[in-house]
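Colleague: Questions regarding the structure given below will be posed in turn.
The values are calculated or read from the model by the stated rules, or taken from the named source; none is laboratory data. It should be emphasised that the depicted structure is a prediction, and the values quoted were computed from it without experimental measurement. For neighbour counting, all protein chains shown are included, and Cβ atoms are generated from backbone atoms with ideal geometry for every residue, glycine included.
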Amino acid sequence: MTAATGIGARVKRKEDVRFLTGTGRYVDDLPLARATYAYFLRSPHAHAGIKGIDLSAAEKMPGVVAIFTGKDLAESKVGSLICGWVVKDKHGQPHKAPPHPVLAVDTVRYVGDPVAMVVANSHDEAKDAAEQIKVDYDVRPASVDLAKAFDKGTPQVHAEAPGNLIYDWELGVKADVDAAFAKAAHVTKIDIVNNRLIPNAMEPRAAAAEYDKGTGHYTLWSTSQNPHVLRLILSAFVLGIPEHKLRVIAPDVGGGFGSKIFCYNEETAVCWASSRVGRPIKWTAERAESFMTDAHGRDHVTHAELALDKDGKFLALKVDTIANMGAYLSTFSTAVPTYLYATLLAGQYTTPLIYANVRAAVTHTAPVDAYRGAGRPEATFVIESIVSQAAKDLNMDPAELRRKNFIPSTAFPYQTPVALQYDSGNYPPIIDEAMKIADYKGFEARRAEAKSRGKLRGIGFSSYIEACGLAPSQVIGQLGGGVGQWESAQLKFNPTGNVQVITGSHSHGQGHETTFAQIVSDKLGVPLENIEVVHGDTSTTTFGMGTYGSRSLAVGGSAIMKAADKIIAKGRKIAAHLMEASVDDVVFENGTFKVAGTDKNVPLAQAVFAAYVPHNYPLAEIEPGMDENAFYDPANFVYPAGTQICEVEIDPDTGETQIVNFTAVDDFGNIINPMIVEGQVHGGIVQGVGQALLENAVYDKETGQLLSGSYMDYTMPRADDVPSFKLGYKVTPCPHNPLGVKGCGEAGAIAAPAAVMNAVRDALAPIGVTQITMPATPLNVWQTIHGAARAAAE
Amino acid sequence: MTISVAMTVNGKPASGKVEARTLLVQFLREHLSMTGTHVGCDTSQCGACVVHVDGKSVKSCTMLAVQAEGAQVLTIEGLAASADKLHPMQEAFRDNHALQCGFCTPGMVMSAIDMVKRHNYQLDETTVRHELEGNLCRCTGYHNIVKAILAAAPAMKAAGV
């Protein structure tokens with residue numbers, strides 16, 4: 001029954017028709033009677049004192065309902081926005097935690113820092129009024145350049161973080177690593193910058209809030225990836241609204257990529273103000289605001305060294321990283337360059353000794369937090385860049401060097417030297433398959449042919465490991481994480497046999513409404529059209545941890561399986577009663593309870609009906625109803641892995657890089673819907689290609705002005721920047737979750753920057769270029785080529 | 001000061017009083033409550049707001065509502081005959097998984113239909129990718145959007161739309 005719709009089927013998405021017919025419901029689409037509109041006046045300076053704010057002219061503007069400043073929120077005891085992960089430094093001290101006011105009070109710390117909120121009868125009126133607010137700024141020098149953040153004399157961002165240092169953190173034993181380096185036959189060194197990115201979900205962030213005076217209830221609609229966590233933060237830390245009086249709804253959300261995980265200033269202010277204004281308040285970011293204030297991603301400066309023996313075996317890895325936090329610590333910012341970065345530095349390799357030192361800096365720039373991959377792309381870029389460089393240094397084939405150092409399939413579970421224990425994997429067949437699809441053997445001929453046309457062709461590998469579905473909760477707690485890492489699921493059957501699957505994870509493009517329905521269809525034999533997946537509303541879901549870190553299927557899907565097991569267990573008792581059989585003799589197959597060896601059977605729908613109309617029912621033994629809840633706390637992370645091979649052609653006259661072939665072979669464990677998984681990989685790769693070739697968040701180093709603040713200045717990947725992709729799969733099921741699944745949402749973005757840049761470096765190597773920074777824009781490539789030529793001439 | 005504006009949207013008369021600065025997309029979303037057309041940027045580059053005005057694709061964030069006076073406007077809501085009978089382009093997007101979060105989708109579909117017609121139902125991958133210059137998608141990596149448009153072109157021709 002479920003072959004066409006169950007696990008492994010390319011089921012067309014249930015959510016598509018509404019999106020294709022313009023009937024999706026995003027936050028800005030909400031019709032709210034008597035709505036007002038908020039507009040935020042933002043700092044035009046990277047660093048300034050606020051000497052005074054004159055609202056008198058603005059308050060007289062047409063349509064203005066109210067204007068609020070940081071003083072109003074402070075007087076109303078609104079708390080600081082919080083960072084939810086306490087990272088302890090190398091001396092065991094918790095990270096520095098400067099306050100993060102919802103609206104700036106006496107100091108602004110980045111261009112875009114909100115200073116006042118105008119509420120008016122229309123968006124345009126609010127904006128017009130905001131222009132009339134006069135802020136008396138005392139403009140101060142700014143700290144913008146990450147590499148100089150800790151230098152003496154650099155302007156200080158927060159008094160609470162002397163020297164702009166948030167933490168100086170380490171993982172591994174430095175003395176052991178140094179000793180291994182002393183014995184190395186060869187050491188490869190690299191200096192790399194992981195460029196700063198702006199997430200750019202196509203739907204700008206938005207919030208709407210309504211206060212019910214009669215009940216004291218607040219409703220907040222937000223473009224959130226995790227509405228329960230947002231509610232928890234607002235209730236427990238920032239606004240003090242009791243959790244049961246605050247309902248957070250994240251309806252259709254137009255992409256997140258991490259940027260919508262966090263608790264932001266605007267939704268907080270809008271929610272707070274809704275009870276003061278007495279009318280609903282709507283706010284939607286303009287794209288310029290998204291560029292300025294969505295938490296940015298990446299932004300590392302790293303020096304790394306790899307020690308190898310004479311045969312090319314990795315002996316030790318040493319990594320020194322400065323990570324930019326921006327002006328304030330966003331919700332999970334501290335965890336990204338530590339527990340999501342340094343713990344991944346083993347990659348797919350048996351490197352026995354690893355030492356990482358990470359120093360986090362505050363600067364006068366927008367907050368930086370998790371962005372698709374979050375720490376893992378940065379780790380992969382370090383490892384895969386240095387491994388390819390080592391292959392060049394040793395004149396070895398990059399695939400051969402990787403293979404020589406892969407963790408063997410017999411070594412799992414494999415304890416890495418950087419805390420994680422990989423549960424499963426088999427890396428050599430992945431790279432073999434990728435090389436076959438990419439026709440690696442034919443590459444040198446293609447390079448020669450390109451050369452005859454005056455083009456530089458290169459090929460690059462990236463063999464990544466990802467740890468997704470942060471887990472288990474106890475370990476995350478020991479590491480400083482402030483929340484649990486389980487997921488919830490509820491299977492709520494109706495008397496007529498259809499079922500709501502209520503999940504605590506959130507879909508903002510990932511297709512949960514289809515994938516999760518497939519799981520239930522497969523497990524319980526319910527036709528797909530009778531299954532509805534419900535998510536994104538704190539009033540319909542018990543609790544949920546939301547969607548990030550490729551956790552939804554591995555953790556949320558597992559919770560659904562657990563709830564389904566409870567449905568089957570209860571159904572067996574009901575069916576046993578109806579068939580006058582012993583429970584032990586009842587089996588469940590293809591949606592039907594049967595007594596083994598007889599033709600007696602009770603379809604699940606019949607058991608469900610009996611549960612709601614319990615006229616013939618074992619009421620003394622079990623309760624009526626068919627509604628089961630489950631919470632699943634994973635035993636470990638899941639560890640997808642794969643190899644990408646990118647082939648580029650560079651025009652040395654223009655510096656333009658064209659991707660001519662791109663192959664990705666992944667091991668995501670078991671796959672529920674290959675169509676959806678492929679889509680995730682495509683999208684992830686293009687975000688990685690964007691980082692490598694196009695995207696760059698640039699601040700003026702003196703003034704802190706965001707120079708890449710629009711689609712005219714920040715190069716988003718467009719359709720003609722990328723090719724079609726060749727994908728392949730290998731499967732080693734995850735051994736510790738009931739579906740055997742791993743995550744797939746971030747893999748593409750994690751691996752692609754290194755694959756592309758290794759290809760670019762390979763293409764440029766014959767003309768003497770050894771290093772080039774991301775993004776490899778035509779200008780950057782052209783200048784690098786000509787810089788190398790000049791160096792050669794001198 | 002408000003100005004009266006009247007046009008035909010998805011075959012039905014639509015009118016209202018707008019400010020001179022009201023954009024066509026604002027008129028559709030805020031005055032007519034037709035929220036299928038989206039706003040993804042403020043520089044006319046993302047293409048989430050594409051509609052057809054008198055048969056041509058237009059970024060509705062780049063046109064004033066009053067400029068559409070008397071025009072025939074087609075939005076994503078007016079494309080499908082019913083939920084069961086999608087336009088071939090909508091069908092192709094669904095068949096090829098050419099959408100994820102759905103936010104860029106209305107503009108993508110409207111641009112794609114215009115593209116197919118302008119190229120007389122004959123397209124190749126390079127042309128499609130070049131023609132998508134004005135539509136940004138952050139989810140799909142474009143791979144499946146390109147596939148969908150290439151699949152829709154002959155389907156549109158066959159359906160006579």
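Colleague: With the requirement that a residue be touching a residue at least 40 places away in the same chain (Cβ under 8 Å), β-branched (Val, Ile, Thr) and not in a strand (DSSP E or B), what does segment B:16-49 give you?
Modeller: Passing the criteria: B:Thr22, B:Thr37.
Colleague: Does segment B:86-109 include one or more residues that are part of a helix (DSSP H, G or I), touching an Asp or Glu at 6+ places or on another chain (Cβ under 8 Å) and of a type in the set (A, V, I, L, M)?
Modeller: No - not one qualifying residue is present in segment B:86-109.
Colleague: Residues being of a type in the set (Gly, Ala, Ser), facing chain A (nearest Cβ under 9 Å) and at negative phi: count how many of those fall in segment B:79-102. Explain how you work it out, then say what you get.
Modeller: Narrowing segment B:79-102 to residues of a type in the set (Gly, Ala, Ser): B:80-83, B:92, B:98, B:102.
Checking which are facing chain A (nearest Cβ under 9 Å) leaves us with B:80, B:83, B:98, B:102.
Those left that are additionally at negative phi: B:80, B:83, B:98.
Result for segment B:79-102: 3.
Colleague: Determine, yes or no, whether B:Thr62 is within 8 Å of chain A (Cβ to nearest Cβ), closer than 24 Å to A:Asn200 by Cα and within 15 Å of the chain's Cα centre (by Cα).
Modeller: no
Colleague: Considering only segment B:52-66, I want to know if a residue exists there that is touching a residue at least 40 places away in the same chain (Cβ under 8 Å) and part of a helix (DSSP H, G or I).
Modeller: Yes, that holds for at least one residue.
Colleague: Still on this structure, please answer the following. Examine segment A:468-482 for a residue that is in a helix (DSSP H, G or I), modelled with pLDDT of 95 or more, β-branched (Val, Ile, Thr) and within 24 Å of A:Leu340 (Cβ to Cβ), and state whether such a residue exists.
Modeller: Scanning segment A:468-482, I find no residue that is in a helix (DSSP H, G or I), modelled with pLDDT of 95 or more, β-branched (Val, Ile, Thr) and within 24 Å of A:Leu340 (Cβ to Cβ), so the answer is no.
Colleague: Then there's this: Any residue in segment A:628-641 that is more than 18 Å from the chain's Cα centre (by Cα), among the aliphatic types (A, V, I, L, M), within 22 Å of A:Gly373 (Cβ to Cβ) and more than 14 Å from every other protein chain (Cβ to nearest Cβ)?
Modeller: no
Every residue, every condition in (1) under 24 Å from the mean Cα position of the chain (by Cα); (2) among the β-branched types (Val, Ile, Thr), yes or no:
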residue: A:Val499; (1), (2): no, yes
residue: A:Thr503; (1), (2): yes, yes
residue: A:His506; (1), (2): yes, no
residue: A:Gly509; (1), (2): yes, no
residue: A:Glu513; (1), (2): yes, no
residue: A:Val520; (1), (2): no, yes
residue: A:Glu529; (1), (2): no, no
residue: A:Thr540; (1), (2): no, yes
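Colleague: For the subset of segment A:569-586 comprising residues that are in contact with a helix residue (DSSP H, G or I) (Cβ under 8 Å, 6 or more places away or on another chain) and surrounded by fewer than 17 Cβ atoms within 10 Å (Cβ to Cβ), which member is nearest to A:Val608 (Cα to Cα)?
Modeller: A:Val583
Colleague: Residues that are in contact (Cβ under 8 Å) with a residue 60 or more places away in the chain, of a type in the set (Val, Ile, Thr) and touching a strand residue (DSSP E or B) at 6+ places or on another chain (Cβ under 6 Å): which strands (runs of 3 or more DSSP E) entirely in segment A:161-228 hold 1 or more of them?
Modeller: Ranges flagged: A:165-171, A:186-197.
Colleague: Of all residues in segment A:494-538, which are among the hydroxyl-bearing types (Ser, Thr, Tyr) and closer than 17 Å to A:Ala630 by Cα?
Modeller: First, the residues of segment A:494-538 that are among the hydroxyl-bearing types (Ser, Thr, Tyr): A:496, A:503, A:505, A:507, A:514-515, A:521, A:538.
Listed by number, the residues that qualify are A:Thr503, A:Ser505, A:Thr538.
Colleague: What's the number of the condition A:Val689 fails, among (1) under 27 Å from A:Ala467 (Cα atoms); (2) more than 12 Å from every other protein chain (Cβ to nearest Cβ)?
Modeller: (2)
Colleague: Could you run through segment A:191-222 and say how many residues are touching a Ser or Thr at 6+ places or on another chain (Cβ under 9 Å) and either polar (S, T, N, Q) or over 30 Å from B:Gly107 (Cα atoms) (or both)? Outline the logic, then answer.
Modeller: Residues of segment A:191-222 that are touching a Ser or Thr at 6+ places or on another chain (Cβ under 9 Å), as a first pass: A:191-196, A:198-201, A:203-213, A:216, A:218-220.
From what's left, either polar (S, T, N, Q) or over 30 Å from B:Gly107 (Cα atoms) (or both): A:191-195, A:200, A:210-213, A:216, A:218-219.
Going through segment A:191-222 one residue at a time, the tally reaches 13.
Colleague: Show the residue pairs meeting these rules: Cβ distance below 6 Å; 6+ apart or different chains; first residue within segment B:122-147 and facing chain A (nearest Cβ under 7 Å); second residue aromatic (Phe, Trp, Tyr).
Modeller: Cβ pairs passing all conditions: B:His143/A:Phe725.
Colleague: Can you tell me which residue is surrounded by the most Cβ atoms within 10 Å (Cβ to Cβ) among those in segment A:382-412 that are in contact with a helix residue (DSSP H, G or I) (Cβ under 9 Å, 6 or more places away or on another chain), more than 12 Å from A:Thr350 (Cβ to Cβ) and of a type in the set (D, E, K, R)?
Modeller: Top of the filtered list is A:Glu384.
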